[in-house]
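In what follows, a single structure is set out as structure tokens and then discussed.
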């Protein structure tokens, strides 16, 4: 018979070629998905006793005929009668898998039927001038042969196929001949079908059989030709966590990322069937402090069909730095970003993943704290990012987020609070948490704090300014201060202030002298009465200004702060003998030399002395010790 394809637009084929999918390569995913559906339907009909046939050990085969310029997709599934071909193929808007699911939904728990036969099949016309279907139903009726050349007209005649199942033949068009290359098809099979639930054959391979233990010394191993099965039909995420060992998770990671040489730190197995279906495995790789880490390494599947590695809106943003697989039939195959943002299932999935990751981190910390502490530097960027971006994660983080000190000890927030509250509470009853961002650069400031018996944290991630801002606004009556933000007595102010040895006139005279010599565009001079053993000149950077600049550089903070020039405080200890010497020196030239030398020593301790200024400092130092 001949007829017209029943479509709701005058000619659907130009529409398919231009708009249905953004990438032509998707056609192979669609055809193999349909072949998988047909095979899984057959399996379930056999299981429930509706089909009185032998299910056997079916596979899907992909073949290329370069001479005929055809690509073949062959399955051993349910097949179609001529009437079903007319219904499912010619009536484009009707989905065979949807009808099948409707009919058997009570008996198909977890069947994996994809449910998008129809338009998926018509994606073939993105790459083919003509498409043929050779199909024979399991119902043992006559085979059918359908042909269409890309126009709304089709041909449907009695077919010659003897075995149950369907073969789709694509006559590849002249401008799509890349899909006749073994390498290109192999690449697509690896990308989209690596974990399909039905074995997929693509060509053959040579296998060498191992020699028997009692084989003769000169025996040669036998080589056999075997089907080249390109997929793993039972990947780790489809199994129960109780059936997997740690080495199974590691082996699956290598299967996912064969070019990744570092093994993951740990994995999180996702498995939920209410109020939505989702399975998967997420891996924590080793992560540096670099915020520009490669994202989009989590692969999204729908019933073992690869969809995308852009999981934005499905996985919380802070977890896009992880790797692994998420598989959910509740996420549509081809949807817009705005749909994902609005979809209630997607929002529930994102919240579930956040909770599951937090619970896993708490479990790892509780069960083996020592090991968790060793991994902290490799995972902290993800955890800190999560604390900033996800309120629910922040609430749970108190149980496992760590605050290391400069001596390599790790504390939870509660442990830290209880350890320092007695000594580091200031006169206004506020707890001051001291931290350094670089142990070496801020060594002298760390030493000054530790000499007072204070604890100093080492917080060196690129988003630490954002994190401490969040903690200050969430936790009660605390503040963070970097150890070089001021001299230590000002960072944690106590009741007993040190008395200055200088009179008011002497302080005024010293202030004028310093402001004449010290460059005002770089330093704000402040006179402070400190312990006489403290350094005479100390350079500090105000906490607020520095923090706002850092926050803007990594996104956030106050607008315009990132472009402001660096400003520092020069804190001068009015109780130090050298400061008294400067004030009492008779010659202006010697005063200036002592001030410049002291200032440069302070700058040197902060890593601020460079270039010509460093050269001049070295020359001056040599002249002073002659």
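Read-outs: derived from the displayed coordinates by stated rules, not from any lab. Given the structure is predicted, the values throughout are model-derived calculations rather than measurements. Note that we place each Cβ from the backbone using ideal geometry, even for glycine, and neighbour counts take in every protein chain shown.
For the chain, the longest principal axis of the Cα atoms and the long axis of helix 369-389 meet at an angle of about 80 degrees.
Ranking of 208, 250, 36 by neighbouring Cβ atoms within 10 Å, starting from the fewest: 208, 250, 36. The packing ranking of peptides 464-471, 600-607, highest mean first, is 464-471, 600-607, where packing means the average number of other beta carbon atoms within 10 angstrom of each residue. Projected label points at residue 447 and residue 140, each 7 Å from Cα along the beta carbon direction, are separated by 9.4 nanometres.
Normalised by the number of residues in the chain, what is the relative contact order in percent for Cα pairs under 8 Å and 6+ residues apart?
Values: 1038 pairs, mean separation 48.5, N = 626.
Relative contact order for the chain comes out at 8 percent.
Once every DSSP H run of n ≥ 4 in the chain is given -39500 (n - 2.57) and the sum is divided by its residues, what mean residue ellipticity at 222 nm do you get, rounded to the nearest 500 deg cm²/dmol?
On the way: 20 runs with 220 residues, N = 626.
Value at 222 nm, helices only, nearest 500: -10500 deg cm²/dmol.
Share of pairwise Cα-Cα distances greater than 39 Å in the chain is 52 percent (whole percent).
Against the chain, whose longest principal axis is taken from its Cα atoms, helix 464-474 shows a tilt of about 80°. Taking the C-alpha atoms only, the angle from helix 588-605 to the longest principal axis of the chain is near 30 degrees. Working from label points 7 Å from Cα in the Cα-to-Cβ sense, the residue 219 to residue 46 distance is 3.5 nm. Once you sort the root eigenvalues of the Cα gyration tensor of region 409-553 as a ≥ b ≥ c, which label holds: rounded (a/c under 1.5), prolate (a/b larger than b/c) or oblate (the other case)? Cα axes put region 409-553 in the prolate bin.
If you sort the three axes of the alpha carbon gyration tensor as a ≥ b ≥ c, you get a/c under 1.5 for region 402-491, which makes it rounded.
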